[in-house]
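Some notes on the structure that comes next.
The values are calculated or read from the model by the stated rules, or taken from the named source; none is laboratory data. Remember, predicted model here, so these are calculated numbers, not experimental data. Cβ coordinates were reconstructed from backbone atoms using ideal geometry, including for glycine residues, and neighbour counts include every protein chain displayed.
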Amino acid sequence: MAAGATMLPNRTQAANVLDAKDPSYYPPSRTGLRGSHPGSNTYAHAMALDGDTDFGPATTLNEEYDLVVVGGGISGLAAAYYYQQKHGQDKKVLILENHDDFGGHARRNEHTIDGKLRIGYGGTQTLVDPQHWGKVGQDLLDDLGIDLSRWDTAYDLDFFKRHNLGAVMYFNKQVFGEDKVVRHPYSNHYNYIQGCMGAKISNEEAAREAPVSEKGKEQLLRILNGGYHVIKKVHNLTDAELRQFTRTHSYYDYLKDTLGVGDPLVIRMARMSALDWGSLGTDMMGIRGADGAGAMGFPPRPVYDPDNPYIHHFPGGNAGFTRAFVKRMIPDVAVGNNAEELVMAAFHYDELDKAGNAVRIRLNSTVVNVHHEGDPANASEVSVTYMNNNKAYRVRAKGVVMACYNVIIPYICSDLPEEQAAALKLQTKSPLQYTSVGLKNWRAFKELEIGVAMSPGNMHQNAMMDFPVSMGGYEYTRSPEDPCIIQMVHCPYGEEGAPEEEQYSEARYAMLNLQFQDYEDEIRSHLSGMLPKDLFNFDRDVASISVNRWAHGYANGGPGDSTKIGRQPFHRITVANSDSAPGADSWVAVEMAIRAVNELG
Ligand SMILES: Cc1cc2nc3c(=O)[nH]c(=O)nc-3n(C[C@H](O)[C@H](O)[C@H](O)COP(=O)(O)OP(=O)(O)OC[C@H]3O[C@@H](n4cnc5c(N)ncnc54)[C@H](O)[C@@H]3O)c2cc1C
């Protein structure tokens, strides 16, 4: 908690927000500390960590809504959309969102590099399995103007092969004693980047070239040649026993007892190898979980079946999805006939909160109190208080969907039953950071043939070329001479072996205690150590950096039935967000919104 106190931005920071009604207001082009940017969680933290409930007298606005939605992520936007679908387009809906942009984790990052626009993503990246979203999902995609067949050509599947870009590992000097790039990823992570090539050298060469001790090299080779067949043989198991063994033993058991791995640097490589497929270091995983998360020690395999590739990626990630929702509900926000046309369309944020809109989106607005007016069982209205620019405002609604992080709901909804409040407090999210870096050219990546570089010694456990998607007039980088975005992923872990929630908490505080300069220094050291000096100079070649910190990232749920208990409807207040499934997935976020809207009646 002491660490928490130093990380909390003060109220002045929270108040220091630009007016979203200003025509020049355009958050996607902001760089620096993004994601949950400084100030965005000030009031939520004041409530949850300091027990604050008094934010001063609220001004009651002369605004009444059919529905107020707390949280403007995919789930919140979907709740507004389905409410109108169900009850009529004239229904008045207000979405309150604490960040300076809508979309929640689905965040667009723009980098203008030497006058050229490059569009990246700061969080929710790709529509997963959209072909299998069922009839409701297909109807939604149609209505939002999202044509899945467009990605058959918009995603340049041949890009990595054409440029000979594969998966490598960067060993940094600080941890491994020398800066070295080995053209082998040592894990299966690269297979989630559709089209990215794999290892360029054999397992034997990869083990030999790794800058670890001789014993470490032997262990690495055993890992690289590992897999279920080895577990079966070493432990003399039948097929049935193997299934049981891999269900009941941890990944670290496998490393240590089956493969005889103990070298600290090799263990470090293994711990970092699953990145954001799981939301944990592999020290917390079982054998099958680690395999499923791409960890080292299993033969490379495709992640997605060939009929269902991982390509449904807008240039701005799933912000392309949220833009389509917003355009559908607030037509004047942009010009465009479908989601693809919105990729390059000017987006007018000053249209989001116009009094004449049926749906309004109010940014920089943290909801601090939601309660029924009078006895919850008989109330006809709900009162909603939010903070904007350090002032409290109050509006009324016939119903409220809480599409925000579920863990904060008990601090906001003052009249929730105790059991439900307790259950909601158990709903966890893991911290995660996506950093997008605007590079003036990618000559160095081309030279080293890097599609993705695993980096177990660095804060960002990988650095990769952005997904090769061109659509709606947006052109992905064509040649190594052109500007591009590289994405870097940081899954912060706590002390190795500590329980999951302790690790999240430790990692969250560590993350939020850093300043932008710390990140810049780290990225400088990472890229400068990895890339050849004659082709890369940080000061010359890096144009911009957006560090998207999500202290509350992937939905993990809570123990036992707590998620189900937490998401129970409470008269005129219902609960959405991907937390309420739980599932860190965009379609799940939509499904939870549909449920929450239906529960309102
Ligand atoms: C880095 C990252 C990458 C991901 N990649 C993918 C991917 O590729 N594909 C995929 O399907 N999923 C991905 N996910 C999972 C992602 O969480 C879901 O897909 C989805 O975006 C979640 O939407 P949501 O609306 O449920 O939650 P959120 O996006 O978290 O939205 C909830 C919103 O409510 C706001 N809020 C919280 N409290 C308040 C308050 N008191 N007042 C007002 N607003 C409040 C939050 O700040 C937030 O903006 C990723 C997640 C992260 C963090």
- Query: Which one of these is at pLDDT 95 or above, of a type outside the set (Lys, Arg) and surrounded by fewer than 24 Cβ atoms within 10 Å (Cβ to Cβ): Tyr386, Tyr411?
  - Reply: Tyr411
- Task: Please tell me if Asp307 is of a type in the set (Asp, Glu), farther than 29 Å from Gly457 by Cα and at pLDDT below 95.
- Result: yes
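Results for (1) under 21 Å from the mean Cα position of the chain (by Cα); (2) closer than 30 Å to Gln125 by Cβ; (3) away from the ligand (no atom under 14 Å from the Cβ), shown as yes or no for each residue.
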residue	(1), (2), (3)
Ala392	no, no, no
Gly399	no, no, yes
Cys404	yes, yes, no
Tyr411	no, yes, no
Asp415	no, no, yes
Gln420	no, no, yes
Lys429	yes, yes, no
Leu432	yes, yes, no
Ser436	yes, yes, no
- Message: Restricting to region 551-589, name every residue that is β-branched (Val, Ile, Thr), more than 8 Å from the ligand (Cβ to nearest atom) and out of contact with any Leu (no Cβ under 6 Å at 6 or more places or on another chain).
- Response: Thr563, Ile565, Ile573, Val575
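Yes or no, residue by residue, for (1) surrounded by fewer than 18 Cβ atoms within 10 Å (Cβ to Cβ); (2) assigned by TED's automatic domain parsing to the domain that holds Gly529; (3) under 18 Å from Met272 (Cβ atoms):
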site	(1), (2), (3)
Ala453	no, yes, yes
Pro456	no, yes, yes
Asp466	no, yes, no
Glu475	yes, yes, no
Arg478	yes, yes, no
Ile485	no, yes, no
Glu496	yes, yes, yes
- Enumeration of residues in region 438-459 that are charged (D, E, K, R), in contact with a Pro (Cβ under 7 Å, 6 or more places away or on another chain) and under 21 Å from Ile201 (Cα atoms): Lys446, Glu447
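Going by the structure shown, is Tyr192 of a type in the set (Phe, Trp, Tyr), within 16 Å of the ligand (Cβ to nearest atom) and in contact with a Phe, Trp or Tyr (Cβ under 9 Å, 6 or more places away or on another chain)?
Considered against the rule, which asks whether it is of a type in the set (Phe, Trp, Tyr), within 16 Å of the ligand (Cβ to nearest atom) and in contact with a Phe, Trp or Tyr (Cβ under 9 Å, 6 or more places away or on another chain), Tyr192 comes out as yes.
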- Message: Looking only at region 253-287, how many residues end up being surrounded by 22 or more Cβ atoms within 10 Å (Cβ to Cβ) and of a type in the set (Phe, Trp, Tyr)?
- Response: 1
- Message: Looking at region 246-258, I want the residues that are closer than 14 Å to Phe298 by Cα and in the same structural domain as His235 (by TED's automatic domain parsing) and have a partner that is among the acidic types (Asp, Glu) and surrounded by 14 or more Cβ atoms within 10 Å (Cβ to Cβ) with Cβ atoms under 6 Å, at least 6 apart or on another chain. Which pairs are those?
- Response: Tyr252/Asp283
- Query: What do you reckon, is Met592 buried (at least 23 other Cβ atoms within 10 Å of the Cβ) and within 16 Å of the ligand (Cβ to nearest atom)?
  - Reply: yes
- Note on the structure: Scanning region 499-545 residue by residue, the ones that are within 16 Å of the ligand (Cβ to nearest atom) and in contact with a Gly (Cβ under 6 Å, 6 or more places away or on another chain) total 1
